[in-house]
Each structure stands twice: as structure tokens, then as C-alpha cells.
Ligand code: GDD
Ligand code: MG
């Protein structure tokens with residue numbers, strides 16, 4: 001089975017971390033997000049992945065120059081301009097010559113989803129497409145997907161107004177697709193799979209879905225990106241990287257500290273993500289926040305409340321950042 005993985009978005013909700021780095025190259029437990037998603041696909045038998053790229057394709061090519069990612073052969077489909085989610089799936093699938101049942105996935109989702117089970121369900125119902133669903137607390141941020149008892153999708157409502165979601169089951173961003181779906185994707189403009197293709201398929205009864213309680217997170221916001229990292233804190237590959245330097249008088253608790261990062265004497269880091277090469281200087285305090293690569297938190301500064309400090313950015317001595325992004329993203 002082949003899979004198209006969408007990694008072409010701008011990652012605006014994660015700015016300034018994504019100002020120049022694509023979201024899927026940000027690390028979760030010290031490995032780029034895309035390696036988790038591609039590795040998960042490989043674990044379920046996927047042998048070739050087409051990375052559907054738009055923003056900074058060169059960054060992926062630099063990290064995976066030999067066309068392999070997480071042990072899988074990857075092919076790069078580079079869009080001439082942003083094609084939106086359906087346009088991206090169509091472009092990548094055609095570029096790779098896909099002409100049989102295939103998978104498509106959002107590249108910012110980390111999950112233990114049983115893909116084999118999803119494919120099996122897809123074959124049983126004879127659907128043109130089957131989407132994985134997951135229960136969430138705040139469905140309005142996602143694609144909301146009511147189904148009948150047989151799993152037939154009744155409607156697909158992308159990001160409904162708050163309080164108007166008919167169910168808490170949402171699109172988990174993994175799809176099994178028949179090549180016939182490609183014929184529904186118009187050329188010449190950027191069509192959205194969530195706002196156009198899936199609603200049309202729901203209307204003609206060819207779209208099915210299957211819910212599961214498997215671990216699932218869309219790591220596309222500061223809160224969920226931090227949570228995805230903290231989820232793996234106790235994993236042998238999470239926590240403090242062997243190439244980080246934490247002073248014995250520093251206090252690091254429930255946090256991910258990247259390679260080359262330094263936590264100086266008397267500093268404390270709690271429930272946070274400190275990315276590669278960042279420096280937390282003497283007596284600084286970091287709590288529930290994300291410190292970007294090579295950022296510099298000066299002595300005695302405090303960074304709390306889901307603050308996000310961008311790559312190479314300094315927080316001066318004695319400053320207090322609480323729920324702040326630095327630098328503040330434009331727009
Ligand atoms: N190649 C390409 N081109 N990729 C794109 C484009 C594009 O124009 N636009 C977005 N993507 C990629 C993003 O990089 C991401 O991996 C994926 O498509 C989904 O985009 P997001 O921007 O992360 O969407 P979302 O999180 O708001 O909503 C989507 O995901 C939810 C679950 O994770 C939707 O699919 C929702 O329905 C879904 O519930
Ligand atoms: Mg997302």
C-alpha cells in the first residue's frame with residue numbers, strides 16, 4: 001500500500017517556530033514529526049510514501065537527501081503553488097502514478113491508529129473513501145463527522161461554529177481512498193478535501209468512517225505540540241537527550257530537553273519543551289512553555305504559561321514572559 005502524506009502547510013499556528021521550518025520537521029521526542037507519521041505507516045505495511053510538499057520543500061530534501069525517511073522510501077511531490085488539501089492529494093497521487101487503493105494522511109498527526117483495521121473496514125463496506133475518526137473535547141476545531149450505525153458518513157462539517165457540532169467524533173486525518181476519488185478533485189484551483197470533496201461524497205453516500213480510541217494528537221498548535229512531546233517524556237527516546245547538559249543543581253521535571261541544550265545551575269524547567277541548542281541560564285525558570293532551537297533564556301528570566309520563544313531568540317535577564325510568543329508573529 002502506498003501513502004500520500006501532506007506536509008505542505010505553512011504551520012501558521014506554530015509561529016515563530018515555523019517561520020522557516022516546516023511544522024512536520026519540528027521534533028517530537030527528538031525526532032521530526034514526519035518520522036513518527038511515516039514510521040507509523042511503515043509499521044502497518046506501507047512501503048512507499050509520497051510527501052506532498054509546498055512550503056520549504058528544500059528543508060525536507062536537506063534532512064532526507066537519500067529519499068528515505070524512518071526506513072521508508074519517500075518520493076517528493078512539490079506543488080508549484082499551495083493546492084489545498086484535496087489539490088495536494090490529487091497532485092501527489094498523479095505525480096506518483098497511483099492507480100489503486102491508497103492512504104492519505106495529515107502529516108501533523110501523531111497516532112497509534114490501527115491502519116490495518118481501517119483498510120479492512122474500507123474493503124468490507126465497499127466505500128470510495130473511509131476516514132478514521134477520533135473523539136475530542138472541542139470538536140469545533142476539527143472536521144466533525146456524524147455517521148449512521150453502519151459507519152456511513154451523513155455529513156462532513158469542517159470547523160463548525162462553537163457549540164454547533166452534532167458529535168464529538170472528528171476527522172483524525174487518515175483516509176483510505178479509491179483512485180476514483182481522484183476524479184472528483186478539480187484542477188485549476190485549490191480544492192479542500194474537508195470543505196468540498198468529503199461533503200459531496202457524504203451527500204452521495206460513498207463516504208464511510210470508523211472511530212477508535214487509539215492515541216491521537218494533531219500537533220499543530222503550541223498546546224498540542226507541547227502535549228505530543230510531553231506524552232513521550234517517559235519513553236526511552238523522550239525526556240532529556242543524552243547530548244543535553246543539565247547542571248546537577250538545575251531542576252528538570254516532566255520535560256523534553258533537546259540535543260545540545262544547556263540547563264545551567266539553579267535553573268528550573270517544568271512541563272516544557274526545550275529544543276536543540278537552547279540555553280536556559282542560571283536561575284531562569286521555564287514552565288509549560290516551548291523554547292525554540294538555539295534560543296537564549298538569560299539568567300533569572302521566567303518563561304511560563306504556554307509561551308513560545310522562537311529559534312535563536314533571547315529573553316533578557318529578569319524578563320517575565322507569560323503566555324507570550326516572541327517574536328510576535330505578524331498578521
Ligand atoms: N501539500 C500541501 N498543500 N499540504 C497542505 C496544504 C497545501 O496547500 N494545506 C495544508 N496542508 C497540510 C498541512 O501541512 C497538514 O499536515 C495537513 O495538510 C492538514 O492541515 P492543517 O492546517 O494541519 O489542518 P487542521 O489541523 O486545521 O485540520 C485538519 O486536520 C484535522 C485533524 O488533524 C482537517 O483535516 C480536519 O478535518 C481534521 O479534523
Ligand atoms: Mg493540523
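For the reader, a short list of remarks on this structure follows.
- Cα-based helix-to-principal-axis angle, 33-43 vs the chain, degrees rounded to 10: 50 degrees
- Computed extension length for residue 75-residue 245: 57.5 nm, one decimal, from 0.36 nm per residue of separation with the Cα-Cα distance subtracted.
- Antiparallel %, DSSP beta bridges [both residues in the chain], to 5: 30 percent
- Shape category assigned to the range 38-182 from the gyration tensor of Cα positions, a/c cut at 1.5: prolate
- Rel. contact order, % - alpha carbon contacts under 8 angstrom, at least six apart, the range 239-326: 19 percent
- Computed extension gain for residue 140 through residue 270, at 0.36 nm per residue and net of the alpha carbon distance, reaches 43.8 nm.
- Centre-to-centre, using Cα atoms only, the range 30-86 and the range 166-230 are separated by 18 Å.
- Axis of helix 222-231 versus longest Cα principal axis of the chain: the two differ by about 80°, to the nearest ten degrees.
- Ranking of 52, 255 by neighbouring Cβ atoms within 10 Å, starting from the fewest: 255, 52.
- On Cα atoms only, tilt of 115-125 relative to the major axis of the chain in degrees: 20 degrees
- Mean separation of Cα contacts under 8 Å, 6 or more apart, over the residue count of the chain: relative contact order %: 14 percent
- Label point distance in nm, residue 203-residue 20, each placed 7 Å from Cα along Cα→Cβ: 4.5 nm
- Note on residue 234 and residue 180: the model spin-label points, each 7 Å out from Cα along the C-beta direction, lie 4.8 nm apart.
- Quarter the surface of the alpha carbon convex hull of the chain and you get the mean projected area, 16.5 square nanometres.
- Taking other C-beta atoms within 10 Å as the exposure proxy, 31, 123, 184 rank 123, 31, 184 from fewest upward.
- Sorting the segments 139-145, 84-90, 210-216 by their residues' average number of neighbouring beta-carbon atoms within 10 angstrom, most packed first, yields 84-90, 139-145, 210-216.
- Inter-probe distance in nm under a simple model that places probes 7 Å from Cα toward Cβ, at residue 43 and residue 159: 3.0 nm
- Global size of the range 184-239 as Cα Rg and Dmax, reported in angstrom: 17.6, 48
- From helices alone, the chain scores -5000 deg cm²/dmol at 222 nm; the rule is -39500 (n - 2.57) for each run of n ≥ 4 DSSP H residues, then divide by the residue total.
- Three-way shape label, the range 222-331, alpha-carbon gyration tensor, a/c 1.5: oblate
Readers should treat all values here as calculations from the given coordinates under stated rules, not as data from a laboratory. Everything quoted here is computed from the prediction, not taken from an experiment. Backbone-built Cβ (ideal geometry, glycine too); neighbour counts: all protein chains shown.
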